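The structure under discussion appears below in the form of structure tokens.
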Amino acid sequence: MTDNRPFSDLTDEELSAQLRSRIIPCRSCGSEYHQECGKKPVSDPLAAVFGPAPTQSDGWDDPVPLGVRAALPDFPTDAFPPYIAAMIRGVAEEIQVPEDLPGGLALAVLATAAGGRAEVLVRGQWREPVNLQIGIAMPPGSGKSPAFRAMLRPVFTAEAALQEAAKEKIKEIEKEQRDAMARAAAAQKLARTEDEIAVAMDAVRMAEEMEIPVKPRLTADDVTPEQAGTILAEQGGRLAVLSAEGTFFEVIMGRYSSKPNLELVLKGHAGDRLQVDRRGREEFIERPALTMGICLQPQLLQDIAAKKQMAGRGALARLLFSVPPDRVGFRNTTPDLLDEAVIRDYSDTIMGLIIGLSDWTDPAIIVLTPAALKLHTEWRTEIEPRLRRGTGDLEALREWASKLAGHTVRLAGLLHLAENPARGAQMPIGEDTMRRAISLAKYYAEHAMAAFGVMRAHPLLDKAQAVLEWIGERRDFKPRDVHRAMHRRFDGAEEVSAVLRLLEDHGYIRQAEVTSTGGRKPIVYLVSPKGW
């Protein structure tokens, strides 16, 4: 017996039974039994109501990708000299992280060593400092902290060695100041005439103004922009903020104030004159060099982008972003251990580079060979049309990509110093080094598009991706099917509907035109035949 209730009142099982029990006319001739046209009976009862499965000719456009889920290029570890490449691979294997993480940290280490101590002369008045600001986006529990410790250990060891070496000199000058103060105080007591009093006062003032060397510092971690500016001034305009967490980003975004504090980040990258308040007096840093090597959670990328000032003032355009693959769930539990000889070679060379450059007050000027300059010019020529509005693939990242040629020079300078830790400042940068710097620049260009895609992602992106995975090979489905199968992921039917609207807007699904049988029409979605 036929159940004449509307489809919307039927369960899935009842609907399926009803469709199978109905007499389905042939779509070609209208006959119930297909005798006139000789075609086989309709094998898919749903096709009688919803139409046949969609085909390529049904007007489906290619789906618009949801965020950035395309495969990204692997980190070009071979761009580094062998002692660094071996360390990157060894850390990645032992800690079971992608090479992107120790590779990005290796660049931060080199920028810590050379930032503010060297510049690359490109042509004319164009000079690029070699400090970098790097952000590596990885989720919690993915091995950021152990990789951070392994790659940055020689930086902290060198910093401690520099502080120990300066300790005696600081004590010596502090003693000289105390002695000078004592002599000046004694002269004040003995002074009788106006001239003697004036001389004694001058002696006191000179003793008070004696400059005591500060303890050398290369790095900072949990620091405010104001504190970082003071340290930068004390350290001759050089500082690296290195952290396995994204705290510094949160602070400059305005964790403790109503608006981001970007002055230090902007001028510390470009080397523009920076004014700071140090010990109650204003000072100017002529060429500040702020390096950053920070691991941050992907969610923080969206938080950063939510601050209009971060993009509006160009702070994001200065960051080299990396979005490594997530290996959690696929890690080897018994990986090969890092070779002690690799650790020793890496640590000794990096420490030698840091200490060797630590005494440089004015930056060394490194030039390019003609072949390196030619290669860089060709790279700039390749980048330029990609920035064009309407046609360039880098149009959406114009501000960031406009600095890509400059970042390439910085990368070349760091690779050059890493390859020649003893004499790099006196040697020109060669063509092969520039070629490897360009490979790194191409990597960061692809990852920047991924990072900015994450920043601009729809808040329901992850759930939409999960629904796509659930859809799989299905041709059609109902919203309640999604809710039943994935109820733990959603807060309710409204959120399911919002996700389905997102998928429909992107061309993955569309609502079927259901034939009315009385009552409320059931909602059924057809799935794009073009896949994803």
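The values are calculated or read from the model by the stated rules, or taken from the named source; none is laboratory data. Keep in mind the model is a prediction, meaning the values are calculated, not measured. Quick reminder, even Gly has a Cβ in these numbers, built from the backbone with ideal geometry, and neighbours come from all protein chains shown.
Residues are listed down the side, and each one gets a yes or a no for (1) of a type in the set (Val, Ile, Thr); (2) modelled with pLDDT under 95; (3) not assigned by TED's automatic domain parsing to the domain that holds residue 502:
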{"site": "72", "(1), (2), (3)": "no, yes, yes"}
{"site": "85", "(1), (2), (3)": "no, no, yes"}
{"site": "98", "(1), (2), (3)": "no, no, yes"}
{"site": "101", "(1), (2), (3)": "no, no, yes"}
{"site": "108", "(1), (2), (3)": "no, no, yes"}
{"site": "122", "(1), (2), (3)": "yes, no, yes"}
{"site": "153", "(1), (2), (3)": "no, no, yes"}
{"site": "158", "(1), (2), (3)": "no, no, yes"}
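Would you check if there is a residue in segment 277-288 being under 26 Å from the mean Cα position of the chain (by Cα), at pLDDT below 85 and within 26 Å of residue 129 (Cβ to Cβ)? So that I can check it myself, show each step before the final result.
Taking segment 277-288 first, the residues under 26 Å from the mean Cα position of the chain (by Cα) are 287-288.
Filter once more, so that each one left must be at pLDDT below 85: none.
No, there is no match, as no residue in segment 277-288 is under 26 Å from the mean Cα position of the chain (by Cα), at pLDDT below 85 and within 26 Å of residue 129 (Cβ to Cβ).
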Report summary line: The correct count of residues that are touching a residue at least 60 places away in the same chain (Cβ under 8 Å), within 24 Å of the chain's Cα centre (by Cα) and surrounded by fewer than 17 Cβ atoms within 10 Å (Cβ to Cβ) in segment 359-402 is 2
Report summary line: Selection from segment 84-136 of residues part of a loop (DSSP other than H, G, I, E, B) and under 18 Å from the mean Cα position of the chain (by Cα) yields 97, 98, 99, 131, 132
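Among the residues of segment 322-344, is any in contact (Cβ under 8 Å) with a residue 40 or more places away in the chain and assigned to a helix (DSSP H, G or I)? So that I can check it myself, show each step before the final result.
The first filter runs over segment 322-344 and keeps only residues in contact (Cβ under 8 Å) with a residue 40 or more places away in the chain, leaving 322-328, 331-332, 335-339, 342-343.
Adding the requirement that they be assigned to a helix (DSSP H, G or I) leaves 342-343.
Yes.
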Query raised in the report: Quick one: is residue 187 farther than 30 Å from residue 439 by Cβ and surrounded by fewer than 16 Cβ atoms within 10 Å (Cβ to Cβ)?
Result: no
Query raised in the report: Restricting attention to segment 127-161, and to residues there that are more than 24 Å from residue 87 (Cα to Cα) and touching a helix residue (DSSP H, G or I) at 6+ places or on another chain (Cβ under 8 Å), which single residue is surrounded by the fewest Cβ atoms within 10 Å (Cβ to Cβ)?
Result: 128
